[in-house]
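The values are calculated or read from the model by the stated rules, or taken from the named source; none is laboratory data. Source: prediction; values computed, not measured. Don't worry about glycine lacking a Cβ; one is built from the backbone with ideal geometry, like all the others, and counts go over all protein chains shown.
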């Protein structure tokens, strides 16, 4: 089992900046538009973790993680998961399936066409997700994420998450376990307060 952790620029669910991809759900977690590089080389059983982007006035935090259960193409995802199709809801784009019913580039996806073929492969269906979602969990995660990542990566002198987590940061099994334990501890503590 391998793991990868990455920052989702511009996202911070704790201040209303929705995480577009991956999309965490109670029953279904998916990843289908972002990071085609990661989606290409992860295998079932591997773990993916995501960190909020930089937002002025608040600390970044580990949003959550999940195990890769299955990888399919976007057209198959379109048929299996209609709730994940790209659409407008109250004027905002939601969903991470970037194709229409014919398999063509969805009109709401504004990424360049030149990368389209690469971006629609390896749609990930996740399992065993740990998602920091309640206000109490988010508060604790903001307070602890830097220390958690220092411990996981052994970078005790780092002052910012960006000094620890670089693009394509990988995790071994021991690091994955530490990260999962820390996230679960946050969820348990938040629930008991």
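Would you mind stating whether residue 65 is in contact with a strand residue (DSSP E or B) (Cβ under 9 Å, 6 or more places away or on another chain), in a strand (DSSP E or B), farther than 24 Å from residue 107 by Cα and at pLDDT 95 or above? Steps first, answer last, please.
On the way: in contact with a strand residue (DSSP E or B) (Cβ under 9 Å, 6 or more places away or on another chain): yes; in a strand (DSSP E or B): yes; farther than 24 Å from residue 107 by Cα: yes; at pLDDT 95 or above: yes.
Considered against the rule, which asks whether it is in contact with a strand residue (DSSP E or B) (Cβ under 9 Å, 6 or more places away or on another chain), in a strand (DSSP E or B), farther than 24 Å from residue 107 by Cα and at pLDDT 95 or above, residue 65 comes out as yes.
Which one is nearest to residue 20 (Cα to Cα) among residues in the stretch 83-100 that are outside any loop (DSSP other than H, G, I, E, B) and in contact with a strand residue (DSSP E or B) (Cβ under 9 Å, 6 or more places away or on another chain)? Can you show your working first?
Narrowing the stretch 83-100 to residues outside any loop (DSSP other than H, G, I, E, B): 83-85, 87-89, 92-94, 97, 99.
Those left that are additionally in contact with a strand residue (DSSP E or B) (Cβ under 9 Å, 6 or more places away or on another chain): 84-85, 87-88, 93-94, 97, 99.
Values: 84: 11, 85: 12, 87: 12, 88: 13, 93: 9, 94: 7, 97: 11, 99: 16 Å.
Within the stretch 83-100, the match that is nearest to residue 20 (Cα to Cα) is 94.
Take residue 65 and tell me if it is touching a residue at least 24 places away in the same chain (Cβ under 8 Å) and surrounded by 19 or more Cβ atoms within 10 Å (Cβ to Cβ).
Working: touching a residue at least 24 places away in the same chain (Cβ under 8 Å): yes; surrounded by 19 or more Cβ atoms within 10 Å (Cβ to Cβ): yes.
Answer is yes for this residue.
Could you say which residue among 149, 171, 183 is farther than 18 Å from residue 138 by Cα and buried (at least 20 other Cβ atoms within 10 Å of the Cβ)? Working first, answer last.
Values: 149 fails: farther than 18 Å from residue 138 by Cα; 183 fails: farther than 18 Å from residue 138 by Cα.
Just a single option satisfies the conditions, and that option is 171.
With the requirement that a residue be under 21 Å from residue 98 (Cα atoms) and within 11 Å of the chain's Cα centre (by Cα), what does the stretch 39-62 give you? Walk me through it before giving the result.
Restricting attention to the stretch 39-62, the residues satisfying the condition of being under 21 Å from residue 98 (Cα atoms) are 39-42, 48, 50.
Once the filter is applied, which keeps residues that are under 21 Å from residue 98 (Cα atoms) and within 11 Å of the chain's Cα centre (by Cα), the stretch 39-62 yields 48, 50.
Can you tell me which residue within the stretch 122-146, out of those that are farther than 23 Å from residue 185 by Cβ and touching a helix residue (DSSP H, G or I) at 6+ places or on another chain (Cβ under 7 Å), is surrounded by the fewest Cβ atoms within 10 Å (Cβ to Cβ)?
Taking the stretch 122-146 first, the residues farther than 23 Å from residue 185 by Cβ are 122-125.
From the residues that got through so far, the ones that are touching a helix residue (DSSP H, G or I) at 6+ places or on another chain (Cβ under 7 Å) too are 122-124.
Working: 122: 21, 123: 27, 124: 26.
Of everything passing the filter in the stretch 122-146, 122 is surrounded by the fewest Cβ atoms within 10 Å (Cβ to Cβ).
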